[in-house]
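Student: The following block contains the structure, expressed as structure tokens.
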Amino acid sequence: METFVGRRPDGTECRHIDGNKLNNRLENLEWTTHKINELDKYKHGTIMRGSKNGYAKLIEKDICKIRELWETGEYTQWRLANKFGVGQFCIWSIIHRRSWKHVKG
């Protein structure tokens, strides 16, 4: 962008309008705010959430199973945490849909 458009204005960063970081055609680039760039991740489906996140210990299938087991009333949060190798607060966040919101199960 700086080569073809000029110096980056303060408080902005380069945006790939179509979400493809390999598409560096000038008509696909613009200066924008960090907030807009982050919102684009949802729009383009490139946000690193769930199992796409390299730090995730669980996958979507686990989330469905955790919620299913919790609904039976036979498992405590601590028991689920031990079963899946995560902390109790992680389980709380999953069953109360504070995390893994995109998983419908």
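Student: Rank these for me by crowding, Tyr75, Tyr42, going from fewest to most other beta carbons within 10 Å. It would help to have the intermediate numbers written out before the result.
Tutor: Numbers: Tyr75 18, Tyr42 11.
In order of increasing Cβ crowding within 10 Å: Tyr42, Tyr75.
Student: Note the direction-averaged projected area, equal to a quarter of the hull surface, for the Cα convex hull of the range 1-47, in nm². All intermediate terms of the calculation are to be shown ahead of the outcome.
Tutor: On the way: hull surface 12.6 nm².
Average projection, Cα convex hull of the range 1-47: 3.1 nm².
Student: With just the Cα atoms of the range 31-84, tell me how far they stretch along each of the three principal axes, in Å, largest first.
Tutor: 53, 20, 16
Student: While we're looking at this one, here's another question. Working from Cα positions, state the angle (0 to 90°, nearest 10) between the long axis of helix 60-72 and the longest principal axis of the chain.
Tutor: Rounded to the nearest ten degrees, it is 30.
Student: Taking the Cα centre of the chain as origin and charging only Cβ (+1 Lys, Arg; -1 Asp, Glu), how large is the dipole, in debye to the nearest 20?
Tutor: On the way: 20 positive and 13 negative charges, 69 e Å.
It works out to roughly 320 debye.
Student: Can you sort Ile63, Ile47, Ile95 by how many other beta carbons sit within 10 Å, fewest first? Could the numbers behind the result be given before it?
Tutor: Details: Ile63 22, Ile47 15, Ile95 19.
Ascending number of Cβ neighbours within 10 Å: Ile47, Ile95, Ile63.
Student: Applying 1/(1 + (r/R0)^6) with R0 = 35 Å to the Cβ-Cβ distance of Asn28 and Trp78, what FRET efficiency is obtained, to the nearest 0.05?
Tutor: Details: r = 50 Å, r/R0 = 1.42.
After rounding, the FRET efficiency stands at 0.10.
Student: Relative to the longest principal Cα axis of the chain, at what angle does helix 34-44 sit, 0 to 90 degrees, rounded to 10?
Tutor: Long axis of 34-44 versus the principal axis of the chain: about 60 degrees.
Student: For the chain, what relative contact order do you get, as a whole percent, if you take Cα pairs closer than 8 Å and at least 6 residues apart?
Tutor: Numbers: 92 pairs, mean separation 18.8, N = 105.
Relative contact order for the chain comes out at 18 percent.
Student: Under a cut-off of 20 Å between alpha-carbon atoms, report the lysines in cross-link reach of Lys65, not counting same-chain residues fewer than 8 places apart.
Tutor: Cα-Cα hits under 20 Å: Lys52, Lys57, Lys83, Lys101, Lys104.
Student: Around Ile17, which amide H atoms from residues at least 5 apart in sequence, or from another chain, sit under 5 Å from its own amide H, with H modelled in the peptide plane?
Tutor: Correct list: Leu29, Glu30.
Student: Now, a different point. Which of the three applies to the range 55-95, rounded, prolate or oblate, going by the alpha-carbon gyration tensor with a ≥ b ≥ c and a/c under 1.5 meaning rounded?
Tutor: On the way: a/c = 1.86, a/b = 1.29, b/c = 1.44.
It is oblate, given that a/c is not under 1.5 and a/b is not larger than b/c.
Student: Another one. Over the Cα atoms, compute the radius of gyration (one decimal) and Dmax (the largest Cα-Cα distance, rounded to a whole number) for the chain, in Å.
Tutor: Values for the chain (Cα only, Rg and Dmax): 19.8, 62 Å.
Here, each number is a calculation from the coordinates, and none is a lab measurement. What you see is a predicted model; the values in this text were computed from it and never measured. Please note: Cβ atoms are built from the backbone with ideal geometry, for glycine as well, and neighbour counts cover all protein chains shown.
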